[in-house]
1. Could you run through segment 74-122 and say how many residues are among the small types (Gly, Ala, Ser) and either under 14 Å from Ile55 (Cα atoms) or in contact with a Gly (Cβ under 7 Å, 6 or more places away or on another chain) (or both)?
2. Within segment 66-122, how many residues are under 20 Å from Arg133 (Cβ atoms) and assigned to a loop (DSSP other than H, G, I, E, B)?
3. Before we move on, is Ser129 closer than 16 Å to Phe79 by Cα, assigned to a helix (DSSP H, G or I) and in contact with a Ser or Thr (Cβ under 9 Å, 6 or more places away or on another chain)?
4. Among (1) without any contact (Cβ under 8 Å) to a residue 24 or more places away in the chain; (2) within 24 Å of the chain's Cα centre (by Cα), which single condition is Leu111 missing?
5. Can you tell me which residues in segment 68-93 are within 25 Å of the chain's Cα centre (by Cα) and surrounded by 13 or more Cβ atoms within 10 Å (Cβ to Cβ)?
Amino acid sequence: MIAQKLPGFRTNESNYPSHSYTFRTHHVVNIRKELDSPVSLSLNIKEQDYHVGKIQIIPFDERLCNRGRFESIFDAFMFLSAHCMRFHGFFTLRIARKYSYYCQVFNIVDLGYVQLSSIDRNLFNSSFSHFQRTQK
């Protein structure tokens, strides 16, 4: 046999116990104890509402818009709407007013550039609403 040829391997029955194990059960232990209802965890944490009042101005690349100079109000709104949709996800009158401080529009009467925020409020609002209607 192979087992007899291997050194250190004993095949006699002394390795195996000759008696049988008997298990004594004195008491039956109920493993499933009734647990108390779990304690509910309640924390008194105040809810925080975040309201961002300011519109974060993200500067636009001056190389794309000739340092913020535009030939017309429509061109300025076109550039601002593309910029705002890219970085803010929306373009409203409020955000257009914020960015108007960084744009200049060519004035034919004076043959120079005028800051977009210095334009009459009614003209600004009507130009913005006209732009919104044409973009839809």
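1. Just the residues of segment 74-122 that are among the small types (Gly, Ala, Ser), to begin with: 76, 81-82, 89, 96, 100, 112, 117-118.
Among the residues that remain, those that are also either under 14 Å from Ile55 (Cα atoms) or in contact with a Gly (Cβ under 7 Å, 6 or more places away or on another chain) (or both) are: 89, 96, 100.
So the count comes out to 3.
2. Residues that pass the stated criteria total 6.
3. Numbers: closer than 16 Å to Phe79 by Cα: yes; assigned to a helix (DSSP H, G or I): yes; in contact with a Ser or Thr (Cβ under 9 Å, 6 or more places away or on another chain): no.
Answer is no for this residue.
4. Answer for Leu111: the failing condition is (2).
5. Leu80, Ser81, Ala82, His83, Cys84, His88, Phe91, Thr92
Read the figures in this text as sums done on the coordinates, not as results from a lab. Computed from a predicted structure; not experimentally measured. Counting neighbours? That spans all protein chains shown, and the Cβs are built from the backbone with ideal geometry, glycine included.
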